[in-house]
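Novice: Questions regarding the structure given below will be posed in turn.
The values are calculated or read from the model by the stated rules, or taken from the named source; none is laboratory data. Just so we're clear, the structure is a prediction, and the values are computed from it rather than from any experiment. Using ideal geometry, Cβ is built from the backbone for each residue, glycine included, and neighbour counts are taken over all protein chains shown.
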Amino acid sequence: MTELMPNLVFADAKGNIMDFEGLAMVGRSGDYFYPMPCEETIELPRGSQLYVLPKRHPVGFDRHTGEMVVLTRNPYDESQQIFAVATFLPAAYTQTYLASWERRSDSSELPFFAYTALGWHDGFVATGIRTDPSLRQDPNTFHHDRIRQGIRAFTELFPDNRLVEHLQHCAMVYECPAALNLFQDREEAPLPASPFCNARCVGCISKQDPCRPPSPQQRIDFIPSPQEIAEVALKHIFSAQNPVVSFGQGCEGEPLLVADTLRDAIRLIRKETSKGVINLNTNASLPEKVAELADAGLDSMRISMNSARRSTYEAYFQPSYDFDALFRSAQEMKRRERFVSINLFVFPGLSDAPKEVEALKRFVSDAKIDMIQWRNLNIDPDHYLDTIGQKLPAGMGIPRLIHEIPVRAGYFNPYLDLGMS
């Protein structure tokens, strides 16, 4: 039976990654370690990244004794220390288990990535599932010659548009997939607009306290004008097949805090065309503003959540608004027969814990949610569990959780056939 389990992988002091047949791969769910059978892994997707985790030793499963083992020295050279390894899965894949390690006492917090379990079985394998068939962010769909041409076209058309300049930076410096798609005239395009936020998310990827790991991208520092937003949106809507334009990006705060600007931009867009889907990614903290945007022509809304339970949500988001606002915002959209999804920050061991599952099912049903986007939470797992401060029972497993929630599953904001002309 144990021969049907992938090998543990580790990194030596020089960052070389290798496998060790003497120990089997282990995945982590919450605070629990599980030996990984091959059927719970997938071939490592193209575009995945491998991370060496400093001052963390890998945990493996001894095939002979049935015990969990912390490996601290290189089994091929006992003079060397070794480190745990994790993988960061590309978009459209949801992790099912975290990487397993034991921290040293002098370890520091990990950067803002999702740390998925990695093993070796005739090649690298990982614990994840593909939750969206869309290829919009697959690495082989980005063509840099076309992207550079797209940037030139935008800057020639809109030489004074600050949002174009900002998105060019996102594409060329951060290689943001949404910005790359904008300049390729493909699918979903970003419309960041807000430098402000009314939450202090523990895992915010655009603004962090100096004592925390640095944010992986810089937050927009101005509010684009409605005209600047509409120029970008209309160019994309008229150029792309199945176009979606979205407020609320990783490089901004909360878009509802500049709702008047968004409302006026939506009106400018809808004055020109009924084509395309206008979407809002949001914390849904201001229901009255959501209603205004929906009346102006907003087609869909995605609510970011790590949990449908107040205590778990507030521990992570640290909001200045009432948790009940999320439900009321969803109601405002559904009263107008608009599409509402949840951007669920998936964390194995918490998202699938019994109380979390019960609360999520109730929220989805009561709010008439149309879809869940199963997104990986980018955060140091140990820091996250310390922040939540709950002792969690064993979960049902992420694949079963996805199967049991009776709404559309995916990873991206979908194009909606709204009968537009």
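Novice: With the checklist (1) closer than 30 Å to Asp31 by Cα; (2) out of contact with any strand residue (DSSP E or B) (no Cβ under 8 Å at 6 or more places or on another chain); (3) of a type in the set (Val, Ile, Thr) in hand, flag the one item Ile129 doesn't pass.
Specialist: In the conditions (1) closer than 30 Å to Asp31 by Cα; (2) out of contact with any strand residue (DSSP E or B) (no Cβ under 8 Å at 6 or more places or on another chain); (3) of a type in the set (Val, Ile, Thr), Ile129 misses (2) alone.
Novice: Is one or more of the residues making up the range 131-150 within 30 Å of Leu23 (Cα to Cα) and among the basic types (Lys, Arg)?
Specialist: No, every residue in the range 131-150 fails to be within 30 Å of Leu23 (Cα to Cα) and among the basic types (Lys, Arg).
Novice: Of the residues Arg148, Arg103, Arg130, which is among the basic types (Lys, Arg) and farther than 30 Å from Leu4 by Cβ?
Specialist: One residue alone meets the criteria, Arg148.
Novice: Under the condition of being more than 30 Å from the chain's Cα centre (by Cα) and β-branched (Val, Ile, Thr), which residue from the range 54-69 is surrounded by the most Cβ atoms within 10 Å (Cβ to Cβ)?
Specialist: The residue in question is Val69.
Listed here are the residues, each with its yes/no results for (1) within 23 Å of Gly203 (Cα to Cα); (2) assigned to a loop (DSSP other than H, G, I, E, B); (3) modelled with pLDDT under 95; (4) not assigned by TED's automatic domain parsing to the domain that holds Ala114.
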{"residue": "Tyr321", "(1), (2), (3), (4)": "yes, yes, no, yes"}
{"residue": "Arg328", "(1), (2), (3), (4)": "no, no, no, yes"}
{"residue": "Ile342", "(1), (2), (3), (4)": "yes, no, no, yes"}
{"residue": "Glu356", "(1), (2), (3), (4)": "yes, no, no, yes"}
{"residue": "Ile369", "(1), (2), (3), (4)": "no, yes, no, yes"}
{"residue": "Leu392", "(1), (2), (3), (4)": "yes, yes, yes, yes"}
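Novice: Then there is this: Considering Phe83, Phe112, which residue is on the phi < 0 side of the Ramachandran plot, assigned to a loop (DSSP other than H, G, I, E, B) and among the aromatic types (Phe, Trp, Tyr)?
Specialist: Answer to the selection: Phe112.
Novice: Here's another thing I want to ask about it. Select from the range 195-219 the residues that are under 19 Å from Cys170 (Cα atoms) and within 19 Å of the chain's Cα centre (by Cα) and list them in ascending order.
Specialist: The answer is Cys204, Ile205, Ser206, Lys207, Gln208, Pro214, Ser215, Pro216, Gln217, Gln218, Arg219.
Novice: Can you say whether Ile223 is of a type in the set (Val, Ile, Thr), under 20 Å from Phe154 (Cβ atoms) and part of a loop (DSSP other than H, G, I, E, B), as far as the supplied structure shows?
Specialist: yes
Novice: Can I ask one more? If you check Val244, Val290, Val232, Val277, which single one turns out to be among the aliphatic types (A, V, I, L, M) and closer than 30 Å to Ala315 by Cα?
Specialist: Val290
Novice: Condition first: crowded, with 17+ Cβ neighbours inside 10 Å and in a helix (DSSP H, G or I). Now tell me which residues in the range 271-301 satisfy that.
Specialist: Pro287, Lys289, Val290, Ala291, Glu292, Leu293, Ala294, Ala296
Novice: Tell me yes or no: at least one residue of the range 400-418 is among the small types (Gly, Ala, Ser) and more than 14 Å from Thr131 (Cα to Cα).
Specialist: Looking for residues that are among the small types (Gly, Ala, Ser) and more than 14 Å from Thr131 (Cα to Cα), one finds none in the range 400-418, hence no.
Novice: Can you give me the number of residues within the range 302-334 that are of a type in the set (D, E, K, R), crowded, with 18+ Cβ neighbours inside 10 Å and under 19 Å from the mean Cα position of the chain (by Cα)?
Specialist: 1
Novice: Next question. Quickly run through the range 337-359 and pick out the residues that are out of contact with any strand residue (DSSP E or B) (no Cβ under 7 Å at 6 or more places or on another chain) and either of a type in the set (Phe, Trp, Tyr) or over 29 Å from Ser48 (Cα atoms) (or both).
Specialist: Glu337, Phe347, Pro354, Lys355, Glu358, Ala359
Novice: Can you pull out every residue in the range 235-252 that is crowded, with 19+ Cβ neighbours inside 10 Å and part of a helix (DSSP H, G or I)?
Specialist: The answer is Lys235, His236, Ile237.
Novice: While we're on this one: Being part of a strand (DSSP E or B), in contact (Cβ under 8 Å) with a residue 40 or more places away in the chain and farther than 20 Å from Asp77 by Cα is the filter here; which residues of the range 18-48 pass it?
Specialist: Val26, Gly27, Arg28, Ser29, Tyr32, Phe33, Tyr34, Ile42, Glu43
Novice: Would you confirm, using the coordinates I've provided, whether Leu401 is under 30 Å from Thr273 (Cβ atoms) and either of a type outside the set (D, E, K, R) or in a strand (DSSP E or B) (or both)?
Specialist: no
Novice: Still on this structure: Checking Ile129 against (1) surrounded by fewer than 20 Cβ atoms within 10 Å (Cβ to Cβ); (2) within 16 Å of the chain's Cα centre (by Cα); (3) part of a loop (DSSP other than H, G, I, E, B): exactly one of these is not met. Which one?
Specialist: (3)
Novice: Among the residues of the range 30-50, which ones are surrounded by 15 or more Cβ atoms within 10 Å (Cβ to Cβ) and within 13 Å of Leu98 (Cα to Cα)?
Specialist: Gly30, Tyr32, Phe33, Tyr34, Pro35, Met36, Glu40, Thr41 - these are the residues of the range 30-50 that are surrounded by 15 or more Cβ atoms within 10 Å (Cβ to Cβ) and within 13 Å of Leu98 (Cα to Cα).
Novice: Follow-up. Considering only residues that are part of a helix (DSSP H, G or I), in contact (Cβ under 8 Å) with a residue 40 or more places away in the chain and among the polar types (S, T, N, Q), which ones fall in the range 146-187?
Specialist: Hit for the range 146-187 is Asn181, nothing else.
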